[in-house]
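We did not get these values from a lab; they are worked out from the coordinates using the rules stated. Values in this document were obtained by computation on a predicted structure and should not be read as measured data. Cβ placement follows ideal geometry from the backbone for every residue including glycine, while neighbour counts extend to all protein chains displayed.
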Amino acid sequence: MEWLRNLMLPAQGSAYAGEIDTVYMSLFWLSVVLFLGIAIPAVYFAWRYRYRPGRVTPHVTHNTVLEIVWSVLPLLLCVGIFFWGLKGWLEYAVAPGDAMEIQITARKWNWAFEYPDGSRDAGTLHVVVNKPVRLIMTSEDVIHDFFVPDMRVKHDIIPGRYTEEWFTPTVMGQHLFTCAEYCGKGHSDMHGTLIVESQQDFDNYIATGGTEWEAYKGHMADWGKIQWERKGCNSCHSIDGSRSKGPSWKGIWHKMEKMRDGQVVLVDEAYIKESENQPQAKIVEGFEPIMPTFQGLIKPHDFEGIVAFIQSLGTQQAQQAPQTQ
Amino acid sequence: MIEYQVQTMAAKVGDLPRPKKNYLNETKGFWSWAGTLDHKRIGVMYLVGTMFAFLLGGCFALLIRLTLLTPTHKLFGKVLIDAETYNRVFTMHGIIMVFLFIIPSVPAALGNFVMPLMLGAKDVAFPRLNLASFYLWVTGALMAITAMVLGAVDTGWTFYTPYSTTTDGPVTLMTGAAFVLGFSSIFTGLNFIATVHKLRAPGMGWFDMPLFVWGIYSTALIQILATPVLGITLVLLMLERNFGIGIFDPRIGGDPVLFQHFFWFYSHPAVYIMILPGMAIISELIPTFSHKTIFGYRAIAYSSVSLALVSFIVWGHHMFVAGQSQLATVVFSALTFLVAIPSGVKVFNWLGTMYKGNISLDTPMLYAIAFLILFTIGGLTGIFLGTLSTDVHLTDTYFVVAHFHFVMMGGTVTAFLGGLHYWWPKMTGRMYAEKWGRVACVMYTIGFNMTFLTQFFLGAKGMPRRYYNYLDQFQPLHAFSTVGSWVLGSSLFLTAAYLLASLRKPADAPDNPWGGTTLEWHCSSPPITHNFEEQPVVEREPYDYRPVKHA
């Protein structure tokens, strides 16, 4: 029946996922049996006792014993299922004391992570294989929800409160995490990658922001494109010129961009840096001030890559914008 | 008393001499309808109104499914709608279906028409309140449509704060519409409770009432007890949104989880406002078409009332991962399992009624069997969600979407369609094309399962709900679900077509086409304005199919 489980449920990223799947599959088979126990008689009776003119039906008003039996048996079954569900949930409800703590800040439509040593990142979450991790979560705006299908965990993230969830990843590699509480137009783009790696790789990532970028030396634009996806820039900034929640990056480099307050700004490194750290400082005309800050979330070589990537998307001929005073 | 076998054998004309005047033709003109106090006319107006709402909400549903046909949302190379529009469309689908269609459909449309007839009454207890309730519904509907024209809202039908207090759009007008619709529902409930208490025919004790009346009565209890909480909650939301009074938004000192408690304190009982009338219809259809007395009358009656009571103590099961206390979560899970018992009792009693019956598979009975199958799936998948450990994975995914569509549509709407076909001859005096009725019912069941059974698999695989974009791996299932929605939609358009076509021919329905035993089959089709020629007196059980010996 392993194939059926794989067909119905996501990959298992933890031992806990296996426990939940056992409950799920048991309920599935129980449901199949109970469904057939109701549907087969319903269809059979409709055929077996189909209408014959003039047939008189028995006048049976009730049967107390039968009715008590079919009330009490489901009740006992339900009590059993409740306690089985409680058992798995109690495990989910309390994180072990030695878990690594990672702070998550959710905002429309992006994730920011802070590791125990204070280093920060956005969009991609790194954790250590076989080491419990406890996520302490809050939101900057509306309610979000951190859902990791492969780990079978989710919990709402509420502004003004801290909520938490935890899991012990056992399968190395990449897993999806995604927002599961409706939060507006970028809701369905608010997902990222959970990277489960060895302690060594994790330490390396924390110390240097990872060495992965070194492979992109000489073609930083490619590295920038990876950052565009990983940091979640892609949920608001397109690269094909199509209009999204924020201005498209296509052809934006060295463009004279008109702002909401009328001033005209040249899109260069300084402007991009300012937009990263203080996104509300200058808002392009026609867009809403909805971008969250990425201060401290973008390492220098990541920034370098992003600028190179934007440059690679084409340069606008410097337009002569009317001077506004 | 009239013997049922005589009625079923009767020719296709009225059993009683057909009266010249009935409630449809006694008076004419716009104001004879707009100002009517006749429960039958108000029921018909409600039916027309809710059917337009169903059409509108259904078109939004088809648009949602069409958008999700491909991950790029393209149809013939053009993007159908963008993310913002999509969010507005699913919000409007939810609001229209819940507040404008399902909640009033069975009680206020069918219940208004049928319940006083079943009690042997001339009208409801407060005819003016009944008309006021309808006009509140119209007002609410106009407000909702105005809000829609002004750009609609993207809050989801649940209006969760702080999203709903900070997003753009006419949220205040839309919540105002839900507030007014709530009062329409309260008026109906109040009226029906008084009617059941005071206007039963001589000889009709509580346990001689048809089970439809028990279901509507239980529903009315919830309507008057729970709906005011929705009203208060929406007023608080409007105060916060417009005057910055901090109740739900933490930036001004509020608590967003409080909103969810308030909201579900109404909206969970509201689920039973929707499903209890559906169950009530099935409790009529099964004995009538089985030509056999209902099995376990009292158990079914008590289970309706106990579902109404239990509905008030399970709201927290919507919030297992939403930040309520862990103790509350455990208690709500335990209480939630209680729902299974009365629901199961009803299903077993219906099967017990069919056993050794004499079952004619007319269209209403086909819908009743479809209900049994779909509602069972809806109920069983509820166990996955009531169970704590599996709920954590499944909540906020398509599994939940599929579950509540199986209960709300597979349950309530299926029962509503069964009831509509059952009482159509009584309401209009006309028989519809039986052959097309059966074809549509089979199409409906197939289309429904294609659309929504698929979504259980999407959800369990990890597809979150309210998603405009989705991962490519989900496309085959989404596409299949969308094709199912076309089958489902076609069956409903077909139903509308043959029902409306039946109105073009002269009145041909017998007074009792199905051999029903309850009082509504003892007046003419369509009934006269005051329902009965003379006050009926009840001498037998409601579903007594024993042959009558004429003295």
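Size of segment B:17-165: Rg and Dmax of its alpha carbons, in Å, are 19.6, 63. For the pair B:E533 and B:R128, label points projected 7 Å from Cα toward Cβ lie 3.4 nm apart. Between the alpha-carbon centres of segment A:102-154 and segment B:206-245 there is a gap of 39 Å. Put simply, the C-alpha atoms of segment A:2-93 give a gyration tensor, and the ellipsoid matching it has half-axes of 40, 20, 6 Å, longest first. For segment A:213-308, the list of chymotrypsin sites (Phe, Trp or Tyr not before Pro) that fall in a loop by DSSP and count at most 10 other C-beta atoms within 10 angstrom is empty. Within 10 Å of the Cβ of each residue in B:534-547, the mean number of Cβ atoms contributed by other protein chains is 1.
Could you grab the relative contact order for chain A? Cα pairs under 8 Å, six or more apart, rounded to a whole percent. About 15 percent, as a whole number.
All distinct Cα pairs of segment A:100-210 go into the 1/r average, and the inverse of that average, the Kirkwood radius, is 13.9 Å.
In plain terms, the chain from A:M100 to A:V79 could stretch by 4.0 nm, reckoned as 0.36 nm per residue minus the Cα-Cα distance.
For segment B:4-522, calculate the relative contact order in percent as a whole number, restricting contacts to Cα pairs under 8 Å that are 6 or more residues apart. Don't jump to the answer; show the numbers that get you there.
Details: 815 pairs, mean separation 92.2, N = 519.
Computed value for segment B:4-522: 18 percent relative contact order.
DSSP assigns beta bridges within the protein assembly as shown; of those with both partners inside it, close to 70 percent run antiparallel. For the pair segment B:280-321 and segment B:124-188, the centres of their Cα atoms are 28 angstrom apart. Looking at chain A alone, DSSP beta bridges between its own residues are antiparallel in about 70 percent of cases. Evaluated at q = 0.13, 0.14, 0.24 Å⁻¹, a Debye calculation over the C-alpha positions of segment A:217-312 (equal weights, vacuum) places log10 I(q)/I(0) at -0.40, -0.47, -1.53.
Here the label points at B:V548 and B:I313, each 7 Å from Cα along the C-beta direction, are separated by 4.4 nm in the simple model. Counted residue by residue at 0.36 nm each, then reduced by the alpha carbon distance between them, the extension gain from B:S32 to B:A433 reaches 141.4 nm. Here A:R243 and A:N277 are evaluated by their C-beta separation; at R0 = 25 Å the FRET efficiency comes out at 0.50. In this structure, the amide hydrogen of B:L75, modeled 1.01 Å from its nitrogen in the peptide plane, lies closer than 5 angstrom to those of B:L80, counting only residues at least 5 positions away or on a different chain.
The mean number of partner chain beta-carbon atoms within 10 angstrom of a residue's beta-carbon across peptide A:184-192 is 6. When Rg and Dmax are taken over the Cα atoms of the protein assembly as shown, they come to 29.9, 106 Å.
Note on B:R298/B:A328: beta-carbon distance plugged into 1/(1 + (r/R0)^6) with R0 of 41 Å gives a FRET efficiency of 0.75.
In percent, rounded to a whole number, the relative contact order of segment A:43-195 is 20, using alpha-carbon pairs under 8 Å and six or more apart. Helix B:256-290 against the longest principal axis of chain B: what's the angle in degrees, Cα atoms only, rounded to the nearest 10? Taking the Cα atoms of chain B, the angle to B:256-290 is about 30 degrees. At an R0 of 25 angstrom, the distance between the Cβ atoms of A:A15 and A:Q199 translates into a FRET efficiency of 0.85.
Projection of the Cα convex hull of chain A, averaged over all directions and equal to a quarter of that hull's surface, yields 26.9 nm². The length gained on full extension between B:L62 and B:E541, counted as 0.36 nm times the residue separation minus their Cα-Cα distance, comes to 168.0 nm.
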